[in-house]
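One structure is given below, encoded as structure tokens.
The values are calculated or read from the model by the stated rules, or taken from the named source; none is laboratory data. All values reported here derive from a predicted model rather than from experimental measurement. Don't worry about glycine lacking a Cβ; one is built from the backbone with ideal geometry, like all the others, and counts go over all protein chains shown.
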Amino acid sequence: MSKIVTLSPDLTRELVQVAYALADAARPIALQYFRRGGQNIENKLAGDFDPVTVADREIERQMRAILAQSRPEDGILGEEFGTKQGSSGLVWVLDPIDGTRGFISGTPTWGVLIAVGPETGPEIGIIDQPFTGERFLGTPDGALWQRGTVHEPLAVRRCASLKDAILFTTFPEVGTPEDRSAFERVRDCVKLTRYGTDCYAYGLLAAGQIDLVIEAGLNAYDIQGPLAVIKAAGGIVTDWEGGPAHAGGRVLAAGDKDTHAAALALLRVV
């Protein structure tokens, strides 16, 4: 049985401070390699292309070193170095560079994703974009956008009609052929669809700039940071059946409950 953890105000503040330390440590490493040489790109897959760079690995190593000093009792799930078991009931979920394809292509749509919470899902999350200097934070107390000394609250926007919605996704293929057909049912009903936006799309949804993000084939580290941010901004993130999405898989994120319901109905058509 997993340990039950309640985030008190003091614990929340401590975890946010640690999350900021992780994001702050990641920024200079990412910028050292972004749009520069020496990325040492490797492919994780034999039959496809799933790149990893030296920046991915250096960032996660640094984040794990910080956690070993500041929160040694917590668990860790990271994209590059797997799982570390903890005893506190809290797990840090780390994606050092989400959107590595964008990173190696020079587009500023990638980000550093950080989340922490119990096994049932994240309570605190960060989407950090080092090149633009933007940070999207979600906590039980609300959501915040930060760039430099500027801080503004984040809030999703209302969009009750699917025909007025703006939809983002990363890959036009969207998972399996069946997944793609389901996605296209939603795509054909919305006002505008954009592709290739990686994790930055979730930040835009939390900021009230867009209305839907639909993706498939995600891992827990791809979605937990964005999930916490969107939830704190007043949005909804589920799987394509309307259930929890913190484990990854097929994900539907929306700012408006009516738009979410309409998109979910189309995704679930057999």
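Conditions tested, residue by residue: (1) touching a residue at least 60 places away in the same chain (Cβ under 8 Å); (2) surrounded by 24 or more Cβ atoms within 10 Å (Cβ to Cβ); (3) touching a helix residue (DSSP H, G or I) at 6+ places or on another chain (Cβ under 9 Å); (4) at positive phi.
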| site | (1), (2), (3), (4) |
| --- | --- |
| Trp110 | yes, yes, yes, no |
| Val116 | yes, yes, yes, no |
| Leu144 | no, no, yes, no |
| Ala160 | yes, no, yes, no |
| Val174 | no, no, yes, yes |
| Arg194 | no, no, yes, no |
| Gly203 | yes, yes, yes, no |
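The criterion of being in contact (Cβ under 8 Å) with a residue 12 or more places away in the chain, in contact with an Asp or Glu (Cβ under 9 Å, 6 or more places away or on another chain) and in the same structural domain as Glu14 (by TED's automatic domain parsing) does not hold for Glu123.
Residue under question is Gly133, and the condition is that it be within 27 Å of Lys257 (Cα to Cα), outside the structural domain of Leu205 (by TED's automatic domain parsing) and either loosely packed, with under 14 Cβ neighbours inside 10 Å or out of contact with any helix residue (DSSP H, G or I) (no Cβ under 8 Å at 6 or more places or on another chain) (or both); does it hold?
Details: within 27 Å of Lys257 (Cα to Cα): no; outside the structural domain of Leu205 (by TED's automatic domain parsing): yes; either loosely packed, with under 14 Cβ neighbours inside 10 Å or out of contact with any helix residue (DSSP H, G or I) (no Cβ under 8 Å at 6 or more places or on another chain) (or both): yes.
It is false that Gly133 is within 27 Å of Lys257 (Cα to Cα), outside the structural domain of Leu205 (by TED's automatic domain parsing) and either loosely packed, with under 14 Cβ neighbours inside 10 Å or out of contact with any helix residue (DSSP H, G or I) (no Cβ under 8 Å at 6 or more places or on another chain) (or both).
In the set (1) in a loop (DSSP other than H, G, I, E, B); (2) at pLDDT 95 or above; (3) closer than 17 Å to Gly225 by Cα, the condition left unmet by Ile114 is number (1). None of Thr193, Thr149, Thr170 is assigned by TED's automatic domain parsing to the domain that holds Ala23 and either touching a strand residue (DSSP E or B) at 6+ places or on another chain (Cβ under 8 Å) or not acidic (Asp, Glu) (or both) except Thr149.
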